[in-house]
Amino acid sequence: MVLFLGGGGDIQDSIEIDTAFFSHLMPNDKILYIPVACDFTTYENCFVWFNSLVKKYTNIPSDNITMLLETSVIPNLNDYKAIYIGGGNTYKLLDYICKNNLDIKFKEYLKRNGIIFGGSAGAIIFGKTIETVIEEKENYPDNPALNMVKDYAIRCHYQPQDDKLFQNLSKKIKTPIITLPENGGLKIDKNNIKTIGNVFIFNNGIKSKYK
């Protein structure tokens, strides 16, 4: 398994982690793109953005990208070399994933040496809880997160000026939080976790660098 968790930066911010992710792909590979968290633009615009990202790093044709939406039939994940889960509303995304049993299917896919990239909301769902973004809850239920990062919660778009927020949040939810910058994130290969950029942990109000 290889799981990439990105901090949610734009194409010009996330070069290092995007390079690492796309280095695993070949021109004939197929990618499953999941933008259902999106709550700030249309899915058509999401596809244009993602296609431009793919073209920046690979020669994979647009026809090899499948966009999975709420109305789509869930395909066989093993037909795809990689899955890319985009950002937006984390509660909306996790609700969709749990309703379609994708939480179980993602874990099985990773066990079979699959590759997943989660950006922003797509990264947060792999933590122990998504209470790190409680402001996004709206009318969505409290579904269990996938908890694939050693019992850490995840928060994205980290900036140093938000340290006080994360210190208080880590005390409130009683779970250590890994904060991911927009120009970095994590690469998880089985039990090995590699940091990309400056990644910090907030545990019961104490900040430390993830090593």
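When the chain is modelled as a GNM with alpha-carbon springs shorter than 10 Å, which of 150, 30, 128 fluctuates the most?
Highest fluctuation of the listed residues: 150.
Find the relative contact order for the chain and round it to a whole percent, using C-alpha pairs within less than 8 Å whose residues are 6+ positions apart.
It comes to 27 percent, rounded to a whole number.
What net charge is computed for the residues neighbouring residue 79, neighbours being all others with C-beta under 11 Å from the C-beta of residue 79, Lys and Arg scored +1, Asp and Glu -1?
Numbers: positive: 30, 81; negative: 29.
For residues surrounding residue 79, the net value is +1.
Do the alpha carbons of any pairs in 81/187; 111/211; 92/137; 30/55; 187/211 sit beyond 19 Å of each other, and which pairs? Provide the component values of the computation, followed by the final result.
Numbers: 81/187 17 Å; 111/211 25 Å; 92/137 8 Å; 30/55 13 Å; 187/211 13 Å.
Beyond 19 Å between Cα atoms: 111/211.
Eigenvalues of the Cα gyration tensor times 5, then square-rooted: what semi-axes does that give for the chain, in whole angstrom, largest first?
So the three semi-axes of the chain are 26, 19, 16 Å.
Taking only Cα atoms, what is the 0 to 90° angle, nearest 10, from helix 163-173's long axis to the longest principal axis of the chain?
90 degrees
At what distance in angstrom do the alpha carbon centres of region 1-73 and region 105-123 lie from each other?
The two parts, judged by their Cα centres, are 13 Å apart.
Could you give the dipole magnitude of region 65-108 about its Cα centre, charging the beta-carbon of Lys and Arg +1 and that of Asp and Glu -1, in debye to the nearest 20?
Working: 5 positive and 5 negative charges, 12 e Å.
Magnitude of the dipole: close to 60 debye.
I need the Debye-formula profile for region 1-110: one equal scatterer per C-alpha, no solvent, reported as log10 I(q)/I(0) at q = 0.19, 0.20, 0.22 1/Å, two decimals.
-1.09, -1.23, -1.53
Using only Cα atoms and rounding to the nearest 10 degrees, what angle (0 to 90) does helix 43-57 make with the longest principal axis of the chain?
Approximately 80 degrees, to the nearest ten.
Expressed as an acute angle from 0 to 90° and rounded to the nearest 10, what is the orientation of the C-alpha long axis of helix 90-99 relative to the principal long axis of the chain?
Result, in degrees: 60.
Suppose R0 equals 22 Å. What FRET efficiency, 1/(1 + (r/R0)^6) with r the Cβ-Cβ distance, do residue 142 and residue 55 give to the nearest 0.05?
Numbers: r = 38 Å, r/R0 = 1.74.
Here the calculated transfer efficiency is 0.05.
Relative contact order for region 140-211: what percent, with Cα pairs under 8 Å and sequence separation of 6 or more?
Working: 114 pairs, mean separation 20.9, N = 72.
Worked out over region 140-211, it gives 29 percent.
At 1.4 Å probe radius, can you tell me the per residue accessible area of the chain in Å²?
Per-residue accessible area for the chain comes out at 47 Å².
In region 71-204, carbon and sulfur make up what percent of the accessible area (probe 1.4 Å)?
Summing carbon and sulfur atoms, their accessible area is 43 percent of the total for region 71-204.
Compare the Cα positions of 65, 37, 90 along the charge dipole of region 3-114 (+1 at Cβ of Lys, Arg; -1 at Cβ of Asp, Glu; about the Cα centre) and return the one farthest towards the positive end.
65
So which GluC sites (Glu not before Pro) in region 13-120 pass both tests, a DSSP loop state and at most 15 other Cβ atoms within 10 Å of the Cβ? Show your work: numbers first, answer last.
Values: sites: 16, 44, 70, 108; in loops: 70.
Listed in order of number, the matching sites are 70.
The values are calculated or read from the model by the stated rules, or taken from the named source; none is laboratory data. Computed from a prediction, not measured in an experiment: that's the story for all the values here. Positions of Cβ are generated from backbone atoms using ideal geometry, with glycine treated the same way; all protein chains shown enter the neighbour counts. These area figures cover heavy atoms from the full protein model, side chains too; ligands, DNA and RNA do not enter into them. Shrake-Rupley method; radii C 1.70, N 1.55, O 1.52, S 1.80 Å.
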